[in-house]
2 protein chains.
Amino acid sequence: MLLDLSASSLDITRAICDIPSVSGAEGRLADEIEEAVRAHPHLEVIRHGNTIVARTNLGRAQRVVIAGHIDTVPINGNVPTRRIAIEGEEFLWGRGTVDMKAGVAVQLRLAAELTAPIVDITWMWYDNEEVEASKNGLGLLAADRPELFQADFAILGEPSNGQVEGGCNGTLRAIVRTRGVRAHSARSWVGENAIHGAAPILARLAEYRAREIPVEGLGYREGLNAVRITGGVAGNVIPDLCEVEVNYRFAPSRSIAGAEAHVRSVLAGFEVEITDAADGARPGLDAPIAQQFLAAVGAEARPKYGWTDVARFSALGVPAVNYGPGDPHLAHHDEERVPLAQIEDVERGLRAWLSGA
Amino acid sequence: MLLDLSASSLDITRAICDIPSVSGAEGRLADEIEEAVRAHPHLEVIRHGNTIVARTNLGRAQRVVIAGHIDTVPINGNVPTRRIAIEGEEFLWGRGTVDMKAGVAVQLRLAAELTAPIVDITWMWYDNEEVEASKNGLGLLAADRPELFQADFAILGEPSNGQVEGGCNGTLRAIVRTRGVRAHSARSWVGENAIHGAAPILARLAEYRAREIPVEGLGYREGLNAVRITGGVAGNVIPDLCEVEVNYRFAPSRSIAGAEAHVRSVLAGFEVEITDAADGARPGLDAPIAQQFLAAVGAEARPKYGWTDVARFSALGVPAVNYGPGDPHLAHHDEERVPLAQIEDVERGLRAWLSGA
């Protein structure tokens, strides 16, 4: 089968959803995409593992990267796709429709169609986004071919309900520990209860009021939460250790060092071990190219809270936004489904901006 | 080998420690004990599984049960026994020396020796004390032969450093739960954090001041403690459930229903599920027979905090105390060891009381 990039975005979505491509098994879909884009002489095509890059070289003043991942989480009886209607609204139902093959389909169609966009475009379709970061096709490409990421702006087609979600919060995890002295619970006064010692940790987290921080035109709401707590040895032992895992989601104006300092200050007096951290991504929505994009697609800009691959662009100094069809709350859901109208809206928005119409 | 009950209590202790009898494998030791006590015509011997009962039938006005378990926790390179000295103090070292074969050895020697005690005596040596309650030889005997437990007083030879420890606290376990609403931690305000919700539970436990309650001549110190806490789904999810397991050790003057009401009152406003409870045991040290016992052995009476099988006697209306050689803190310890002087003290104390000397 040759993927027909002159078909509607809906038909392309169905076609690429019905080619299963769970993370680690994207080979066939990558082959189909490569073959389809190589048929278009205005695109230079580069293959890197199961990641396909296709780009125009028109000598435009500005270059934009537009990217999407081609893998999905595991299928659970929800392939092949079906068209369904709920209270009169039409959807394409099935694994990958939201996260994020509808977005990829729109990109594929426009890659083929737009032979003379007003900016040069580097399209990227990559593998292994849904699994550990070390396998991420975009990350591997950035490590090997950083020059491909030189751009003025980047758009990731992650589901955003057809709205523009800019940047993303950073994330930091830490273990907060209290220590005590083990004893038999029949003689509890001989010991010191580490779980009781964690009371002020939970109280500070419960009282904590997260701020909303304005960054380049968007307000980023933060959060500091316990995501796990463990303590206890046996039903008759006073515990000598309690561990609270906290997750701090911080605005992209803050560095990892600043985030760590904030967590240590909130939990001052306790043993804090930072276990994991990733920078956020600035949305860059105050740049002229971003303003032009927003005006052309006619979408409202919102902050993105969850960490996405836009942070990889931000780390390379490229402002990046998420813009794609589908409700992110339905990503990974067994009832994953994308409204047909959003596919059309995003296609129209991207075309309007890229063609200067 | 015939167990020689005319040997010293120390030698009997060594002999029965060197016959391994980890819970579930007491058969050989029970055989040796049965054979040895059957050689003494003043004793009526009853075998029930691996539990041996030997009793006098002298028509005395009062009857006393004196009991000890013959099983140990698993051996860990600490059998056979060794005699050691630490800073001039002599010990018998090895598994079972403290918990509780030195106590059993003293009982075996006196069972053989005391042909005409001033009270009738029912000696009980039972299996499976160190494992689940359903296997406990004393409990099984009480269920099948309750008439054997008719007595005015009971002594359990559990290690008590040669002092008399009366009764025991009761114990109750409960799970205290907080519930919330799960959400992605990047949008924590959409959810409700169940771990944060547990802050007041830990605060109340940390602030709780346990009372000491006088019961029949002894003061029982209570305790209310978290012994385990769990909560959390994943590192990026606001948790919807947190569970705190609490253990309340309560004075024997309190019923299980009263203990439950107390825990529910301390943790009012939270979901509390009682998972396990056992009554304590009243020491009965205000009874004349108990006063005579204390005077004769010359030991100081203290409250017992940990739950022991004395509660089985208390439940049958028989006041019961722990009285045996060895430091209970060394029970189950790989360096388990009993001071020789305590073996002799307990032998002398029991003989003095039982012979009316």
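The values are calculated or read from the model by the stated rules, or taken from the named source; none is laboratory data. What you are looking at is a predicted structure, and each value in this text was computed from that prediction instead of being measured. When we count neighbours, we look across all protein chains shown, and the Cβ atoms used for this are built from the backbone with ideal geometry, even at glycine. SASA here: full protein model, heavy atoms, side chains in, ligands and nucleic acids out. Shrake-Rupley method; radii C 1.70, N 1.55, O 1.52, S 1.80 Å.
Points to keep in mind about this one:
- For the protein assembly as shown, the solvent-accessible area of protein heavy atoms averages 38 Å² per residue (probe radius 1.4 Å; ligands and nucleic acids excluded).
- Rounded Å value of the spacing that divides the Cα centres of segment B:1-60 and segment A:223-270: 57 Å
- Nm distances between copies for B:GLU35, ranked from closest, using label points 7 Å along Cα→Cβ: 8.6
- In nm, spacing of pseudo-spin labels at A:VAL22 and B:ASP4 (7 Å Cα→C-beta vector): 7.3 nm
- Calculated FRET efficiency, B:GLN62 to B:THR115, Cβ-Cβ distance, R0 = 22 Å: about 0.80 to the nearest 0.05.
- Cα pair count fraction exceeding 15 Å, expressed as % - segment A:138-187: 75 percent
- Other protein chain C-beta atoms within 10 Å of residue C-beta, averaged over B:210-222: 1.
- Chain pair B, A: total accessible area buried, heavy atoms, 1.4 Å probe, Å²: 3300 Å²
- When only the Cβ of Lys, Arg, Asp and Glu is charged (+1, +1, -1, -1), the dipole of the protein assembly as shown relative to its Cα centre reaches about 1140 debye.
- Listing of segment B:150-196 residues, each with accessible area lower by at least 10 Å² in the full protein assembly than in the chain alone (probe 1.4 Å): B:ARG173, B:HIS184, B:SER185, B:ALA186, B:ARG187, B:SER188, B:TRP189, B:ASN193, B:ILE195, B:HIS196
- Assuming charge only on the beta carbon of Lys and Arg (+1) and of Asp and Glu (-1), the dipole of segment B:170-278 about its Cα centre is about 160 debye to the nearest 20.
- With every protein chain in place, segment B:223-263: carbon and sulfur % of accessible area (1.4 Å): 50 percent
- Comment: the Cα-to-Cβ extended label point of A:PRO288, at 7 Å, lies 11.0 nm from its counterparts in the other copies, nearest first.
- Taking a ≥ b ≥ c as the square roots of the eigenvalues of the Cα gyration tensor, an a/c ratio of 1.5 or more together with a/b larger than b/c marks chain A as prolate.
- Ascending list, in nanometres, of distances separating the A:ARG60 label from those of the other copies (7 Å, Cα toward Cβ): 10.5
- Kirkwood-based shape ratio for segment B:9-143, expressed as Rg/Rh from alpha carbons: 0.99
- Placing R0 at 56 angstrom, the Cβ-Cβ distance between B:GLU87 and A:SER255 gives a FRET efficiency of 0.40 after rounding to 0.05.
- Both the radius of gyration and Dmax for the protein assembly as shown are 37.3, 116 Å, in that order, over alpha-carbon atoms.
- Spin-label model, B:SER355 to B:ALA295: label points 7 Å out along the Cα-to-beta-carbon direction sit 2.0 nm apart.
- Surface composition of segment B:111-172: carbon and sulfur make up 47 percent of the accessible area, probe 1.4 Å.
- By the rule of a C-alpha distance below 17 Å, with chain neighbours fewer than 8 residues away ignored, the aspartates and glutamates paired with A:LYS135 are A:GLU26, A:ASP71, A:ASP127, A:ASP144, A:ASP309.
- For segment B:302-357, the fraction of 1.4 Å probe accessible surface lying on carbon and sulfur atoms is 51 percent.
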